[in-house]
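Step one of this worksheet: look at the structure below.
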Amino acid sequence: MKIFTSKQIHELDRYTIEHEPISSIDLMERAAIALTKEITNRWDTETPMVAFAGPGNNGGDALAVTRLLRDKGYKAVAYLFNVKGSLSPDCQENCERLRKKSKDALVEVTREFEPPQLTRETVVIDGLFGSGLNKPLGGGFAAMVQYINNSEATVVSIDVPSGLMTEDNTFNVRQNIIRADLTLTLGMKKLCMMFAENHDFIGDLEVLDIGLSQVFIENTPAAYSILEDNEVRSHLRQRSDFAHKGTMGHALLIAGKYGMAGAAVLAAKACLRSGVGKLTVHTPQKNNDILQISVPEAIIHHDLDTNCFTKTVETGPYSAIGIGPGIGTEGSTEIALLGQIRNTRIPMVLDADALNILATNRSWLQQLPEGAIMTPHPRELDRLIDATPTSDYDRLMRARDLAQRLHAYIILKGHHSALCLPDGQIIFNSTGNSGMATAGSGDVLTGIITGLLARGYAPKEAAMLGMYLHGLAGDNAARVLGKESLVASDIILYLPKAMLQTQIS
């Protein structure tokens, strides 16, 4: 699913109007019907409905919804803020339609405003401003937003919560943004909806299909997209009936200093479950018995040091390498990591302590081979870029810039993990849940991606499939075990089901 910018959304509306063809007022009516259906499915006719409509098309949507609710027997009233005496044509048309329907259903505010009482039973329909907003709210509209937010009413926002800009809210005034309980967005998700910092404004999110032009959507490039099941399936490879372990790749994992053998175990088990033919784990000798017992399918390769990673590994026999889970940041490990990076000519995944080491030796980033995959969580990324981003949007743009500069693939982990590609595109993951916010979850992701790389998937494919399968396995685990009790090994346990769901065989 593509994510368009606010400018592209406007172009999509215009293209739909011109090529369906359909009038703009009829397209607005189509949106209002979809919005009304969702609202009436959730609340009965005894629920008092109060709509706040701005002077633009978002306000026109709110007025049309109010009219349709009245048609269905709801006690709905709309407050239209026309303080400048200038409404968009479609908003003006819906104003007249609502006034004809019922005079007491519309209060037009031109100067003084006496706000209605909003109780716990009230549903507020927020139609003040939509996806075209490009600056923070101020004045009377900011006061109106704060009045709504301070009430006990349930708030339903049309398209986007008023005051929230579609992409970048770095310098927005957050107290002047509607805090919706439910956002009914039209056509597709907006970029702002992918960021954790905006969740409190958006609430529950539903995407409503209003029949926008599929031709435009399919033929218009987008810098952002959401990875979904159908795209995952299109990248999957069918396992040959004549496959053997020698044709399914040989992965190398460098993981686990003494005391952190668990990180190596989790990454190794996940790697094997990804379908790789063989796996070698390079780890300190003190971890030998733990690995041999926990992961009997893996080959164990000992480091010269009994406690940590100090010796680079010749990568000739291997198809891909994953490095970082639990290796520590000792000085000898730092030097070994640099040597490993310089001497590696196979696809590479770097995570955890490998990223922490690079963050304290940022000049070494230039030594990374093109196509390397890095999987930082937000704080690891901040250390890599030596900055404290001012917003989630700012952090994502910095991750994108780093991926472009290094010609690397960066998975910025989170609820909507974002894969930043070397060409500047960003792909958000659609699977995963908060139960996966647990120690070792990242080690599992490293193992999965390393296994997919070793099987022969290109870095982009391995990164996309890895984060999707990782999240899907976590979703499967959460459905059975719940989010609160989920641990990283549960993700591995439910990885085979995720593989079956995406038809890997």
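The values are calculated or read from the model by the stated rules, or taken from the named source; none is laboratory data. This is a predicted model, so every value here is computed, not measured. Here Cβ is always computed from backbone atoms with ideal geometry, including for glycine, and neighbour counts include all displayed protein chains. All accessible areas refer to the heavy atoms of the entire protein, side chains included, with ligands and DNA or RNA removed. Shrake-Rupley method; radii C 1.70, N 1.55, O 1.52, S 1.80 Å.
Being over 23 Å from Leu465 (Cα atoms), part of a helix (DSSP H, G or I) and either of a type in the set (S, T, N, Q) or open to solvent by 100 Å² or more (accessible area, probe 1.4 Å) (or both) is the filter here, so list the residues in region 209-251 that pass it.
Within region 209-251, Gln214, Asn219 qualify.
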task = Please specify each residue of region 151-181 satisfying the condition of being in contact (Cβ under 8 Å) with a residue 60 or more places away in the chain and outside any loop (DSSP other than H, G, I, E, B).
result = Val156, Ile158
message = Take the residues in region 96-121 that are in contact (Cβ under 8 Å) with a residue 40 or more places away in the chain and crowded, with 19+ Cβ neighbours inside 10 Å; name whichever of them is nearest to the chain's Cα centre (by Cα).
response = Leu118
request  = Return only the number of the condition from (1) touching a Ser or Thr at 6+ places or on another chain (Cβ under 6 Å); (2) closer than 21 Å to Gly442 by Cβ that Ile346 does not satisfy.
outcome  = (2)
ask   = Restricting attention to region 33-66, which residues are surrounded by fewer than 24 Cβ atoms within 10 Å (Cβ to Cβ) and in a helix (DSSP H, G or I)?
value = Ile33, Ala34, Thr36, Lys37, Glu38, Ile39, Thr40, Asn41, Arg42
ask   = Just one of the numbered conditions (1) at pLDDT below 95; (2) open to solvent by 10 Å² or more (accessible area, probe 1.4 Å); (3) touching a strand residue (DSSP E or B) at 6+ places or on another chain (Cβ under 9 Å) is not true of Lys278; which one?
value = (1)
message = Would you confirm, using the coordinates I've provided, whether Leu486 is of a type in the set (A, V, I, L, M) and not in a helix (DSSP H, G or I)?
response = yes
Exclusive hit being open to solvent by 30 Å² or more (accessible area, probe 1.4 Å), within 19 Å of Met348 (Cα to Cα) and either modelled with pLDDT of 95 or more or not basic (Lys, Arg) (or both), set Asp443, Asp423 = Asp423
query = Out of all the residues in region 285-294, is one or more among the basic types (Lys, Arg), touching a residue at least 24 places away in the same chain (Cβ under 8 Å) and touching a Ser or Thr at 6+ places or on another chain (Cβ under 8 Å)?
reply = yes
key: Residue in region 107-128 that is touching a helix residue (DSSP H, G or I) at 6+ places or on another chain (Cβ under 7 Å) and hydroxyl-bearing (Ser, Thr, Tyr) present   = no
